[in-house]
Amino acid sequence: MERLPDTTFDCVVTEYDLPATTGVDLTAKVRGVVPGLPVVLAPESGSEAIASEAISAGVSEYVPTEGGASRVEYLTRAVETVVEARQLRGDRQRLLDAIESADGGIAILDDDGHYEYVNETYSDLFGYEPEELVGEHKDLVYPDSDSFDDLIPAVRDRGQLRREGLGLRADGTTFPVQYTVSTTAAGGFVCTCRDVSDRQRRQAALERKSSLLDSLFDQIPAHLYIKDTEGRHLRVSKYFMERDMVDLSALAIEQYDREHIIGKTDREIYDNEHSQEASADDMQVIESGEPILNREEWIPGEDVWNLTSKVPWRGEDGDIRGIIGISQRITEQKQIERELERKNERLAEFANVLSHDLRNPLQTARGRIEILQGRYDDEQLEVVDRAHERMASMIDDILLLARDGKETNTPEPIDLATVIRECWDHVATDDTEIIVETDRTINADRSRLKRLFENLVSNAVAHGGPVVTVGDLEDGGFYFEDDGHGIPHDEREAVFEAGRSGADESTGFGLSIVEQIAELHGWTIDLTDSNDGGARFEFRNVDSMLA
């Protein structure tokens, strides 16, 4: 008993009559220290009373030692039996503990397909208690699977067979399962099972995403591509190539073929200056992690223009795995831009010629009118003089519109109220009144700002009411409004068109020039109703400060 706590024993053999106790009492003490340790009781002379007491005490074996030489054989056999039995119980218990702690469902079936054992995970999958499945046939939970008799030959031949199908729960619902049937060395079969609902949902989601991605790469009207960190193409859309292979040579078609492109860099596909620049851009995005957005690229060999953007392609861990890029053909837009530039240049040249050729004779005519007005007091001369003034104003307006902002723009801090009053005194009449409710200073080109307000004042005098108000907007801009009849909603866009006018004395360019000057300053302009129902012009994105 002193050695028992610190020493490993396979078995205890004891007589019944001991100096201070009995073998039965010793058994109880031993089991109190090492539960399950085999104890063989071997009395010198047995009796029914001792045998009954031994059985009640739970001794492992009872072997009376009378019998001469044969008692050694009996005792040896008893010891071997109880030790082996204990080892088997331990192995079985460890195996059962492992099976019960396993994540997956595990079951043992006999040769006919009936359950001999199931762990809790297995029974929980199908909504049963373990004891409810023991003795049942596997078809109870796999009603749609192959019959057990059909499975057995394949399992015995291969040692293992894996299937997917539907599992039937106790409540009648079904779910997708994957099960494996294996043979055992001792006979019978082991069946493992797991619910694959989540896996199938993930797979279905991945298939949907893959289908969408395939559709995107096949239908997007642009050159969309993914490259790895070496700049090699991993995926390429086909619209770009189908659209641009129409007029290409056989060599070029091969170079643009999607199968030819995959796995290669731009320089490996088509080694020219543009490909070298594109490869350099790829490496810049990959190494810096910064995107390249809306870069215009001209490809000399094909005489085409692209608008290209490239962004880093990052994995879930945030590391850069390559780039995602998109290029769109903008050749037609560039051609239109060049044509517009040429037209604008010709228009500006025409306006300069028109200004020079008209101003000289107009100045001569105005000089003659001044002489005649000094000689004669005739109202008709005033009519002619006003016509000359209108012609001069039209020439200035045409020249400003034709130059389209090419004149020098020199912003400076300008007191808004001062400029407004100067323009009002120059343009307005005694029949109108202005209310200035601003003390704001803005950064603007002085000559252009004066032209903007002169045109607004002229428009208000011609079309508005007797009172004009100029004030501040909360976001830093300003407004100009009158108390006239306003402008109908369906005409508000048209009033900014050049040449449109509703007054006889107007050139028709005033509000168009107002819009152009606002755009040249980077301002936005909105036409709405004033509080009195007149026209209200609101200017925003104005670089301004309060005085």
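The values are calculated or read from the model by the stated rules, or taken from the named source; none is laboratory data. This one's a predicted model, so the numbers in the text were calculated from it and none came from an experiment. Reconstructed Cβ throughout: ideal geometry from the backbone, glycine too, with neighbour counts over all protein chains shown.
Couple of notes before you dig in:
- The range 1-32, subset in a loop (DSSP other than H, G, I, E, B) and either of a type in the set (D, E) or buried (at least 16 other Cβ atoms within 10 Å of the Cβ) (or both), residue nearest to the chain's Cα centre (by Cα): D6
- Test for G187: is it touching a residue at least 24 places away in the same chain (Cβ under 8 Å), closer than 25 Å to D111 by Cβ and either out of contact with any strand residue (DSSP E or B) (no Cβ under 8 Å at 6 or more places or on another chain) or not assigned by TED's automatic domain parsing to the domain that holds K138 (or both): yes
- Qualifying residues in the range 387-418 (those that are modelled with pLDDT of 85 or more and closer than 27 Å to E433 by Cα) - the one surrounded by the most Cβ atoms within 10 Å (Cβ to Cβ): L416
- Listing of strands (runs of 3 or more DSSP E) fully contained in the range 99-173 that carry 3 or more residues being more than 13 Å from G188 (Cα to Cα) and not hydrophobic (A, V, I, L, M, F, W, C): 160-168
- Scope the range 184-233; condition more than 30 Å from V141 (Cβ to Cβ), among the hydroxyl-bearing types (S, T, Y) and modelled with pLDDT of 80 or more; matching residues: Y225, T229
- Residue identified as over 30 Å from A387 (Cα atoms) and free of Cβ contacts under 8 Å to residues at least 12 places away in the same chain among E277, E345, E349, E341: E341
- The condition of being modelled with pLDDT under 90 and buried (at least 17 other Cβ atoms within 10 Å of the Cβ) holds for A460.
- For E296, the conditions (1) surrounded by 12 or more Cβ atoms within 10 Å (Cβ to Cβ); (2) outside any helix (DSSP H, G or I); (3) in contact with a Leu (Cβ under 7 Å, 6 or more places away or on another chain) all hold with the exception of (1).
- Looking only at the range 521-547, and only at residues there that are in a loop (DSSP other than H, G, I, E, B) and farther than 26 Å from P488 by Cα, the one that is modelled with the highest pLDDT: V542
- Number of residues in the range 304-356 that are in contact with a His (Cβ under 7 Å, 6 or more places away or on another chain) and of a type in the set (F, W, Y): the value is 0.
- Qualifying residue in the range 166-173 (condition: under 39 Å from the mean Cα position of the chain (by Cα), small (G, A, S) and in the same structural domain as D111 (by TED's automatic domain parsing)): yes
Each row is one residue, and each column tells you yes or no for (1) in the same structural domain as A365 (by TED's automatic domain parsing); (2) modelled with pLDDT of 75 or more; (3) farther than 30 Å from E474 by Cα.
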{"site": "E382", "(1), (2), (3)": "yes, yes, yes"}
{"site": "D385", "(1), (2), (3)": "yes, yes, yes"}
{"site": "I420", "(1), (2), (3)": "no, yes, no"}
{"site": "W424", "(1), (2), (3)": "no, yes, no"}
{"site": "T429", "(1), (2), (3)": "no, no, yes"}
{"site": "R440", "(1), (2), (3)": "no, yes, no"}
{"site": "N455", "(1), (2), (3)": "no, yes, no"}
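- Residue list for the range 463-496, restricted to those being of a type in the set (G, A, S), modelled with pLDDT of 85 or more and touching a Ser or Thr at 6+ places or on another chain (Cβ under 6 Å): G471
- The residue that is modelled with the lowest pLDDT, among those in the range 33-57 that are within 19 Å of L4 (Cα to Cα) and outside any helix (DSSP H, G or I), is G36.
- Test: residue in the range 303-316 that is in a strand (DSSP E or B), loosely packed, with under 14 Cβ neighbours inside 10 Å, aliphatic (A, V, I, L, M) and touching a residue at least 12 places away in the same chain (Cβ under 8 Å): no
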